[in-house]
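The values are calculated or read from the model by the stated rules, or taken from the named source; none is laboratory data. Keep in mind it's a predicted model, so treat the numbers as computed, not measured. Note that we place each Cβ from the backbone using ideal geometry, even for glycine, and neighbour counts take in every protein chain shown. Remember, those area values only see protein heavy atoms, side chains included, never the ligands or the DNA or RNA. Shrake-Rupley method; radii C 1.70, N 1.55, O 1.52, S 1.80 Å.
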Amino acid sequence: MRVLIAPDSFKGTIDAAGAAEAIAAGWRAVRPHDELRCLPLADGGEGTLAALTTAGAELVPARVLDPAGRAIDAHWALKRDGTAVVELAAAAGLPLLGERAPLTASTFGFGQLLRAAAGHPGTRRIVAALGGSATTDGGAGALTALGAMFRTTEGIPIASGGGGLTTIASADLSALVPPGDVVCLVDVDTPLLGPTGAAHRFAPQKGANADDVVLLEAGLARFADVLGGDRDAPGTGAAGGTAFGLATAWGARLVPGARFVADLAGLPAALGWADLLITGEGRLDEQSWSRGGDSPRGGGSRPRPGPHG
């Protein structure tokens, strides 16, 4: 029998590759003669880079800033077809912070990864995996790393993080790195603003208290006023509004992540090979079926609702 093992991560317990290998080891202990293939998957948030690296992408190192502005070593991945995969969590993820910083955490390092990918001669398109962020800055930090300039009424650069958005008065996008073909994978369908938006729904998981949430919501609203764009579009609240910033200022397309990653990892062909599919995630709940036709998503893989926005 040919068995395909294609799980998402079991968040807080084991990543997708580890889960696949553990399932395979258990299966071999009982049926040692079956042919097994492991294909770790992800929903477009954390774990996407690892899943696609397993599927044959080359890791490219980069020195970037973490959400608190400290230099760290990170990676992005380049597939043989020229697809560059950049994961926000690698540079702006919540686990990178020892102490949460809801008002000052920045996506600048994520923008550095995007800039490195965009400037690589082998890159034909960029797939940006959004999720697991420590930030609620609307992607302003990432856009700054890509060449944008956001200023106050006094003409000085705004402070980093979502707290700095409350002072934004103008945006100069003339020096932005040309984006080319950019796809943003989102693992939530929340809009930028409102009671189900980036600040209200996800900022508390990033350390924001009630006053912080009000300030972050006001900052995102002001950011949207300056940039324009569709603040109500599903998914624009992903990664603290980074999806909105990249879609509006950098022309990125927002797509649900789970099916996109499955296709990029080669799941359709692998299903044609297999007699049996084994999949799973940490928790199957209503969020697993909330992606409008997507596969069960990694949101259900959280032991409890987690910081995917």
### Task
At 0.36 nm per residue, minus the direct Cα-Cα distance, what do T54 and D81 gain on full extension? Give it in nm, one decimal, please.
8.2 nm
### Query
GNM on the chain, C-alpha springs below 10 Å: top fluctuator among H120, H200, H75?
H120
### Summary
Dividing the helical contributions, -39500 (n - 2.57) per DSSP H run of n ≥ 4, by the residues of the chain yields a 222 nm value, nearest 500 deg cm²/dmol, of -9000 deg cm²/dmol
## Note on the structure
Percent relative contact order for the stretch 1-124, counting Cα pairs under 8 Å at least six residues apart, stands at 20 percent
### Task
Averaging sequence separations of C-alpha pairs under 8 Å and six or more residues apart, then dividing by the length of the chain, give the relative contact order as a whole percent.
22 percent
### Query
Which entry in (i) 15.3; (ii) 16.3; (iii) 17.4 matches mean projected area of the Cα convex hull in nm² derived from the coordinates of this structure?
(i)
### Message
How large a share of the accessible area of the chain, in percent, is made up of carbon and sulfur atoms when the probe is 1.4 Å and the other protein chains stay in place?
### Response
56 percent
## Note on the structure
For the chain, dividing by residue count, accessible area per residue (probe 1.4 Å) in Å² works out to 40 Å²
### Query
For V214 and V255, what is the calculated FRET efficiency with R₀ set at 25 Å and r taken between the beta-carbons, to the nearest 0.05?
0.20
### Query
Could you give the angle, 0 to 90 degrees to the nearest 10, between helix 108-119's Cα long axis and the longest principal axis of the Cα atoms of the chain?
70 degrees
### Percent RCO, i.e. relative contact order, over the stretch 1-62, from Cα pairs under 8 Å lying at least 6 residues apart
37 percent
### Query
Given springs between every Cα pair under 10 Å in a Gaussian network model of the chain, which of S170, S106, S133 has the largest fluctuation?
S170
### Message
Please compute the length gained on full extension between A25 and D172, using 0.36 nm multiplied by the number of residues separating them and subtracting their Cα-Cα distance.
### Response
47.5 nm
### Task
Exposed loop GluC sites (Glu not before Pro) only (DSSP loop, at most 12 other Cβ atoms within 10 Å): please give the longest stretch of the chain free of them, not including the sites.
155-309
### Candidates per trypsin sites (Lys or Arg not before Pro) in the stretch 71-126, loop by DSSP, up to 10 other Cβ within 10 Å
R80
